[in-house]
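Remarks on the structure that follows.
The values are calculated or read from the model by the stated rules, or taken from the named source; none is laboratory data. Keep in mind the model is a prediction, meaning the values are calculated, not measured. When we count neighbours, we look across all protein chains shown, and the Cβ atoms used for this are built from the backbone with ideal geometry, even at glycine.
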Ligand code: PRX
């Protein structure tokens, strides 16, 4: 399928995707390698939640990511890997070398008796082997489930057990800035409660680890001995490709299941049209593979398009705040895709870090994961893009598989802080609380998607009913995103943020219930309510209101102890930024905590608290306001 190159292309493609959906997606799918073509393009729908794309089709996504490029581009660089340590030599892998490495890994998995449909859990840092492993898993038809290396043993165990994985792949340690995260030790602790895991493959990265006899194997040794060829397994278009866990509004994370053919088309098309990368460009998505952005715009999208990309093991501020910009300079990165939280953090640093690097290779900048504020957008545009690089503000979610609403770099208009227009195949609508479509162009409401698209998650692993409840029950007949949005007179969407009990901390999604469940583990805390509040760097910070049975403990002491518990249960990403100990929480007469009021207080919006007359204990509101002011 041709790339969208002009505004009129965009209109034409978009209209075709709406009016002749099957013909449009058939044309997209034609450009890939299929072992057998599909019988139908789209079947099923939102009514019975039985959507199938390219049903009857047979393929392997890795043949499309790798083998397809070997004929003409075997020696083109696929991956440039940059270590956490700026003095460690970088590694590059051509498409041919990528093929060899993925095949080696696939043969190791086979030797370990991993079969089609088995779940393979990865708990690794951003090493090339993580990427090889994910693709190797797809090559043999296993289902990968990557758990971000910042999650705790408890969180890892919950995810391993939910998808019943029998194999875990990890590193000894993950170098991150001047620290080393003991991944293997954390994994060992997790595995104490995962009795079904009988195999652990451990990559030696720092050489600091212990092995459990009979269960653990050193991955480096196995890979070096493995064969460099491995035939790709024939998969159904609707075979699960991966499970990725994300937070929900209950304490239990949801394992979203993405399938093969539709996801492939979505990751590939969105990458191509949004970023507009050309043959000699160098793409860099700074996300970790543990998140959906690292799946779709590091593992799959760029490779499906035969692109050259950077993979970075470290963090933006180590050894100093110039690290991102030095990497752009070093590899002549042309397309740079990151999160607003990183932009704001780097904006707050000495401008010399930006000015010392040559950023002239940059052509396109991207933003993802949370609303980008005006100040950060302007800085990104002026200081990083030197006012010559279009910024694509890409709105999407773990559930959507790939970008849904975004401008197309240099093709459609960028509007500061607006994700702008839907991509072909996406029919967004704004609805009010009663599911009425807001037909006026200028509107604000709940953002829903009105029809299936190829990249959408098909279910929650092991719980299709929860999938229905979470996404399709609030607004009948539509997929509810959980986000609020505004539409301006030109039809551009601006995402305003979550309207449910999910908070977005540094571009990472956390359920308030998950944090509250962790806090409940403290024996002196009787009740807790967690809310998000505006935070200069993180976008949203986490604030807890807690009732404690120990009046002698200061708020600081309580917060310290709770953060230790949260780190153990979820991971350091969920740590509290602020805490108030209170004798009561504002509740309705039926006993429900009034979170709306707690959110307003946390945001210092005392004048717009709204109606408090239905509260059982309105006096507590005054008390909380006093406490927060002091
Ligand atoms: O609230 C939206 C926000 O991130 C949520 C999805 O989080 P997650 O599944 O972790 O995926 C993040 C990476 C795609 C959304 O519901 N979000 C994502 N992108 C944007 C955004 N909010 C505003 N503007 C964006 N560009």
- [ ] Could you please find all residues in the stretch 536-548 being touching a strand residue (DSSP E or B) at 6+ places or on another chain (Cβ under 8 Å) and either buried (at least 20 other Cβ atoms within 10 Å of the Cβ) or at pLDDT below 95 (or both)?
- [x] 538, 539, 540, 541, 542, 543, 544, 545, 546, 548
- [ ] Test residue 462 against the stated conditions and say whether it is closer than 19 Å to residue 253 by Cβ, buried (at least 20 other Cβ atoms within 10 Å of the Cβ) and not assigned by TED's automatic domain parsing to the domain that holds residue 405.
- [x] no
- [ ] Among the residues of the stretch 190-199, count how many are closer than 20 Å to residue 569 by Cβ and surrounded by fewer than 16 Cβ atoms within 10 Å (Cβ to Cβ).
- [x] 2
Open item on the list: On the basis of being farther than 30 Å from residue 159 by Cα, touching a residue at least 12 places away in the same chain (Cβ under 8 Å) and either surrounded by 16 or more Cβ atoms within 10 Å (Cβ to Cβ) or under 29 Å from the mean Cα position of the chain (by Cα) (or both), does residue 602 make the cut?
Closed with: yes
TODO: Identify the single condition in (1) within 16 Å of the ligand (Cβ to nearest atom); (2) outside any loop (DSSP other than H, G, I, E, B); (3) within 21 Å of the chain's Cα centre (by Cα) that residue 567 does not satisfy, given that it satisfies every other one.
DONE: (1)
TODO: Select from the stretch 277-297 the residues that are in a loop (DSSP other than H, G, I, E, B) and in contact with a helix residue (DSSP H, G or I) (Cβ under 7 Å, 6 or more places away or on another chain) and write down the one among them that is nearest to the ligand (Cβ to nearest atom).
DONE: 287
Task: Of the criteria (1) farther than 17 Å from residue 7 by Cβ; (2) away from the ligand (no atom under 15 Å from the Cβ), which one residue 395 fails - done: (2)
Open item on the list: Tell me whether the stretch 461-468 contains one or more residues that are within 15 Å of the ligand (Cβ to nearest atom) and under 21 Å from the mean Cα position of the chain (by Cα).
Closed with: yes
TODO: Please give the strands (runs of 3 or more DSSP E) falling wholly within the stretch 447-540 in which 1 or more residues are farther than 30 Å from residue 143 by Cα.
DONE: 479-487, 493-498, 525-535
- [ ] Determine the pairs where a residue that is modelled with pLDDT under 95, located within the stretch 417-433, has a partner that is within 16 Å of the ligand (Cβ to nearest atom) and assigned to a loop (DSSP other than H, G, I, E, B) with Cβ atoms under 8 Å apart, the partner being 6 or more residues away or on another chain.
- [x] 417/371; 417/372; 417/373
TODO: Working only within the stretch 158-198, note down all residues that are in a helix (DSSP H, G or I) and touching a helix residue (DSSP H, G or I) at 6+ places or on another chain (Cβ under 7 Å).
DONE: 160, 186, 187, 189, 190
Open item on the list: Just the residues that are in contact with a strand residue (DSSP E or B) (Cβ under 9 Å, 6 or more places away or on another chain) and on the phi > 0 side of the Ramachandran plot, please, taken from the stretch 407-444.
Closed with: 410, 417, 420, 435
Open item on the list: I need the full set of residues from the stretch 398-423 which are closer than 16 Å to residue 292 by Cβ and either outside any loop (DSSP other than H, G, I, E, B) or more than 14 Å from the ligand (Cβ to nearest atom) (or both), in order please.
Closed with: 398, 399, 400, 405
Open item on the list: Condition check: in contact with a strand residue (DSSP E or B) (Cβ under 9 Å, 6 or more places away or on another chain) and away from the ligand (no atom under 15 Å from the Cβ). Does residue 385 satisfy that?
Closed with: yes
Task: Search result, residues across the stretch 471-484 that are under 24 Å from the mean Cα position of the chain (by Cα) and under 20 Å from residue 452 (Cβ atoms) - done: 471, 472, 473, 474, 478, 479, 480, 481, 482, 483
Open item on the list: Out of everything in the stretch 361-389 that is part of a loop (DSSP other than H, G, I, E, B), touching a helix residue (DSSP H, G or I) at 6+ places or on another chain (Cβ under 9 Å) and without any contact (Cβ under 8 Å) to a residue 40 or more places away in the chain, what residue ends up being nearest to residue 405 (Cα to Cα)?
Closed with: 389
